[in-house]
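In what follows, a single structure is set out as structure tokens and then discussed.
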Amino acid sequence: MSRANGMLEVSNLTVSFERPEQPDAGAFRVVEDLSFGVAAGEFVSILGPSGCGKTTLLRVIVRLAPAEHGTIKIDDSEKYAPGRDVCLVFQSYGLFPWRTVRENVEFGLKMQGVAARERRATGQEFIDLVGLSGFEQHYPHQISGGMQQRVGLARALACRPKLLLMDEPFAAVDAQTRERLQTELLRIVAQTASTVVFVTHSIQEAVYLGTRVLVMGARPGRIAADLPVPLGSERWRRDVRLERRFEDHVLEARQALRAVSP
Amino acid sequence: MTPLERLRGPKRHLARWAPQTAIWTGLLVLWEIWGRGQSPFFFTYPTAIGRALLRLASSGELGQAILDSLQVLLLGYGLGVAAGVPLGLLAGRFAYLRRLLSPLMMAFYVTPRLALIPLIIIWVGIGFWAKVTVVWLVCFFAIFFNVLHGMSSLSRSYLEVAQAYGANEAQILREVTLPGILPFIATGLRLGLGLALIGMVVSEFLIGLNGLGGIIVYYSVRLRVADVFAAVTVIVVIGTALMTGARALEQRAAHWQLSARAFR
Amino acid sequence: MTEATEANGLAPLPAVRPRRKRSGGPGALTGLSVLAIYALLIAAWDVFGRDVNPYFSSYPSAIVRAAGELARSGELATALLGSLGVLGQGLLYTLAAGLPVGFAIGRYQFLDRTFGPLVTILFVAPREVFVPLLVLWFGLSDASRVIFVFLSAVFPLIYNVADGVRSVNQSHAEIAQAYGANEWQTIQEVTFPSILPFIGVGAKQAIARGLTGLVAAEFFIGVSGLGGLLQKASALYRLDRAFVVILVLVAVGFILARAGDLMEARLGRWRISERAY
Ligand SMILES: Nc1ncnc2c1ncn2[C@@H]1O[C@H](COP(=O)(O)OP(=O)(O)OP(=O)(O)O)[C@@H](O)[C@H]1O
Ligand SMILES: [Mg+2]
């Protein structure tokens, strides 16, 4: 399934967890023999039933959890650096409550040892990009959930990663904010020419955002369907959600998801 | 609008506290009247305490005692902080160290540390350093355990975010662990200071009678109650002032914490 | 930060058992190997401790012998009972005074504004400064010691109970009233259950502070109880006996701490943990 010019290439990935409560039952295989590729500039949405291993997959890619088998390559290298080559946007935002918006956005750059001046400039650029100018000195608890996730997004983008991973980033915000954030994400991704892997539970969201939708099956998790969504790359300028073919793609994705759901 | 709401600024402040001021003035006056009727070897009253304070202050006795006490307090407390914070960080970071020390930690946790004073006197001798050791001992554990508590309450997800952004161990310590547990460190510093004050007084009672605690014992065995109360007042004032300062620092350290409420 | 942080001036003791990890590695230190390490240390101490000047140190088998002596002569039992008696009385008065005073201060803002600052001052300032005055007024008696234990223990209880009453969720009281509860029923069904966890926290702190107060009282107010026995032993450079008393204090402290934890857990059962994400 991997393609030429692969930005991300996951091959035969297997991930297991130990079960401490029943050590004799053997390891619990969450993901088995999973392979897929993402080309540069693609926006890949991942759908799948709860517990099928979507979060686990992203965590393994940024090396927060070990893989049992298989390889992961980013830009053709297995020796990619999390925080530099690939950044994860967390579902619960993962902001540090003791850092201001600015300090949170600059976090990844600071970890890379970027000098304070350059950090400031880059940080400001991405704060402006996500529309948080004027809130630089606020602490996370002083801003809304939608704004917190913009901070999380700016923090990841500021590292200028080759690949951006997002784990249900808009799950905790209200419906209106969510729609606005989706459109904004498309604009930002287009402006920064990012490659994105986006996990979500919303079929509409997956189809609206993705140039491709991957559907994952459960127990063990693997790719069950790979649906291209040719809605055009400028889809944030006109609202494709009002078009008939959008509904067709949603229907197609819904059927694929239905097929893997227990 | 109530009459109170119509007042502004300092006037309003005065009016708000008027009943309290009246009650406390009344109580002091009652104490004065009643206390004058008692034997001065057994009881005392506010103006006598005031006179005793003036006498102690002008003779230089009080100033010297405050200096002696603060020296013991600050040295013991400083050493307590210098040992408690890094050891707490180490024990919090390494599970096997925690495990290894757990029986000792448990014993020191449940037992009053004051019980070790007689051994300290034997080991360190009677003198300045014995007092410093007592102060150190009582405040060290408060700081150590609060740092440890902070480490165990720090959410794992912060560490994971830092790891996902490529942070190394030193960066995690500087950017995540230390700022994340700062409120707990500050609480430990405040509680440690309170205990250090106790250690100071207790060690001055038991070891070489000097400092403010020494004044209390000296005058109490000579039945000069007013002088005892004067020294008690000074300790209470110094203690409350230090603790109020520590409290303010603690609140600043926890400014980003939404639920930073332990006691006023 | 939780109120528990204030308990005996220390933080809650973190769970010692580490999360289970993949086997191997230093994280896998088991309880058994810790036990073995300590047994080894104690054995080494027993062997090498004999050569150290006995005025400065002791060693395990001497301590065991001293424990036997103290137990046979009845000194230990007398001291222990004396100490527990003083502590028990002090804590009883603490409960009897701390609950109503805390309730009153929490319930009536006027009282809080008038006496709250005094409670705070007595909570933070070293209470030990009052020991010589107690001796002056009540002599070297159990009464002095009980009063000192009371003074050590009562302020955390007052403080926590007042805090609990203040933080009773007003909307819960209103819900009760909306369901037709009268004043007394509201207190019974809402106020009291709401402040139970605070009573638990306060009682736990009171026990811990009371124990520290007991030891201080027995050092300063005549020579009696376990603290007195400890002081007598160390004055005679009998370090073996001193260690015995310290170990007994550790045991007493352990049992009281367990009791405090149980009380806190039981009274605070309905409290959900408020840990961040
Ligand atoms: N650290 C862990 N230890 C043991 N099991 C785990 C661990 N992390 C995840 N699992 C298990 O792995 C499976 C997949 O979890 P994961 O969080 O990846 O699912 P998900 O697809 O992200 O689900 P959701 O859509 O609900 O977020 C679940 O059954 C979960 O219980
Ligand atoms: Mg998930």
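Readers should treat all values here as calculations from the given coordinates under stated rules, not as data from a laboratory. The model shown is predicted, which means the values in this text are computed figures rather than measured ones. All Cβ positions, even for glycine, are placed from backbone atoms using ideal geometry, and neighbour counts span all protein chains on display.
Dipole magnitude of region B:62-252 about its Cα centre, charges +1 at Lys/Arg Cβ and -1 at Asp/Glu Cβ only, in debye to the nearest 20?
Details: 12 positive and 7 negative charges, 42 e Å.
Around 200 debye, computed over region B:62-252.
Counting pairs of alpha carbon atoms under 8 Å apart in space and at least six apart in sequence, what relative contact order in percent does chain C give? Before the final figure, lay out the partial values.
Numbers: 307 pairs, mean separation 67.5, N = 277.
Over chain C, the number comes to 24 percent.
Cut-off under 17 Å on the C-alpha distance; same-chain residues fewer than 8 positions from residue B:131 excluded. Which aspartates and glutamates are left, in chain and number order?
Once the sequence-local aspartates and glutamates are set aside, what remains near residue B:131 is B:68, B:204, C:128.
For region A:93-161, rounded, prolate or oblate, judged on the Cα gyration tensor with a ≥ b ≥ c (square roots of eigenvalues), a/c < 1.5 rounded, else prolate if a/b > b/c? Write down the numbers at each step before the final one.
On the way: a/c = 1.62, a/b = 1.50, b/c = 1.08.
It comes out prolate by the Cα gyration axes.
State, as an integer percentage, the relative contact order of region A:93-161 based on alpha-carbon contacts under 8 Å between residues 6 or more apart. The partial results should precede the final answer.
Details: 84 pairs, mean separation 34.3, N = 69.
Computed over region A:93-161, the figure is 50 percent.
Given B:243, B:31, B:184, which one lies farthest toward the positive end of the charge dipole of chain B, if we put +1 on the Cβ of every Lys and Arg and -1 on the Cβ of every Asp and Glu?
B:31
What residues qualify as long-range amide H neighbours of residue A:16, i.e. H under 5 Å apart, gap of 5 or more or another chain, H built at 1.01 Å from N?
Those qualifying (amide H under 5 Å, at least 5 residues apart or on another chain) are A:30, A:68.
With charges only on Cβ, +1 for K and R and -1 for D and E, what is the dipole size of the protein assembly as shown about its Cα centre, in debye, rounded to 20? Show your work: numbers first, answer last.
On the way: 78 positive and 59 negative charges, 140 e Å.
That gives a dipole near 680 debye.
Could you tell me which helices of chain B pass both thresholds, a Cα extent of 20 Å or more along their own axis and a mean Kyte-Doolittle hydropathy of at least 1.0, with helices taken as whole DSSP H runs?
Correct list, ordered by number: B:61-93, B:128-153, B:178-206, B:225-253.
Using a 10 angstrom cutoff on alpha carbons, build the Gaussian network for chain C and name the most mobile of C:123, C:115, C:103.
Looking only at C:123, C:115, C:103, the biggest GNM fluctuation is shown by C:115.
First check a/c for region A:1-152, with a ≥ b ≥ c the square roots of the eigenvalues of its C-alpha gyration tensor; if it is under 1.5, answer rounded, and if not, answer prolate when a/b is larger than b/c or oblate otherwise.
Values: a/c = 2.25, a/b = 1.63, b/c = 1.38.
Note, shape of region A:1-152 comes out prolate.
Add +1 for every Lys or Arg and -1 for every Asp or Glu among the other residues with Cβ under 14 Å from the Cβ of residue C:94, and state the total.
Numbers: positive: C:127, C:145, C:204, C:209; negative: none.
It works out to a net charge of +4.
Would you be so kind as to identify which of C:206, C:139, C:94 lies farthest towards the positive end of the dipole of chain C, taking Lys and Arg as +1 and Asp and Glu as -1 on Cβ and the Cα centre as origin?
C:206
In whole Å, what is the distance between the alpha-carbon centres of region C:55-78 and region B:94-163?
Going from one Cα centre to the other spans 27 Å.
Long-range amide H contacts for residue A:81: which residues qualify at under 5 Å (H placed 1.01 Å from N, peptide plane, sequence gap of 5 or more or a different chain)?
Close amide H contacts, sequence-distant or interchain: A:86.
Any idea how far the Cα center of region A:208-254 sits from the one of region C:81-106, in Å?
Region A:208-254 and region C:81-106 have Cα centres separated by 69 Å.
Which of the helices in chain C meet the span-like rule: DSSP H, Cα axial reach of 24 Å or more, Kyte-Doolittle mean at least 0.0?
Working: long enough: C:31-49 (26 Å, 1.86); C:75-107 (47 Å, 1.20); C:142-166 (36 Å, 1.08); C:192-220 (40 Å, 1.10); C:239-267 (41 Å, 1.53).
Both cut-offs are met by C:31-49, C:75-107, C:142-166, C:192-220, C:239-267.
Classify chain B: rounded, prolate or oblate, from the alpha-carbon gyration tensor (a ≥ b ≥ c, eigenvalue square roots; a/c under 1.5 rounded; otherwise prolate if a/b is larger than b/c)?
Numbers: a/c = 3.03, a/b = 1.39, b/c = 2.18.
Cα axes put chain B in the oblate bin.
Identify all aspartates and glutamates with a Cα-Cα distance to residue C:204 below 14 Å; exclude those on the same chain that are fewer than 8 residues away in sequence.
Correct list for residue C:204: C:3, C:6, C:261, C:264.
Which of A:213, C:247, B:66 sits farthest toward the positive end of the charge dipole of the protein assembly as shown, with +1 on the Cβ of Lys and Arg and -1 on the Cβ of Asp and Glu?
Checking the options against the dipole of the protein assembly as shown, the answer is B:66.
With the crude spin-label approximation of a point 7 Å out along Cα→Cβ, what separation in nm comes out for residue C:247 versus residue B:157?
It is 4.8 nm.
Treating only the Cβ of Lys, Arg, Asp and Glu as charged (+1, +1, -1, -1), what charge dipole size does chain C show about its Cα centre? Round to the nearest 20 debye. Don't jump to the answer; show the numbers that get you there.
Details: 23 positive and 18 negative charges, 167 e Å.
Dipole size: approximately 800 debye.
Would you list which aspartates and glutamates come within 13 Å of residue A:54, measuring only between C-alpha atoms, while excluding same-chain residues fewer than 8 positions from it?
Once the sequence-local aspartates and glutamates are set aside, what remains near residue A:54 is A:32, A:167, A:168.
Within 10 Å, count the other beta carbons around each residue, average over each peptide in A:185-198, C:145-158, and list them highest first. Please report the intermediate quantities before stating the final value.
Details: A:185-198: 19.6, C:145-158: 26.9.
The peptides rank, most packed first, as C:145-158, A:185-198.
Scale the Cα Rg of chain C by the rule-of-thumb value 2.2 N^0.38 Å and send over the ratio, two decimals. Please list the in-between numbers first.
Details: Rg = 23.1 Å, N = 277, 2.2 N^0.38 = 18.6 Å.
Rg over 2.2 N^0.38 Å, computed on Cα atoms: 1.24.
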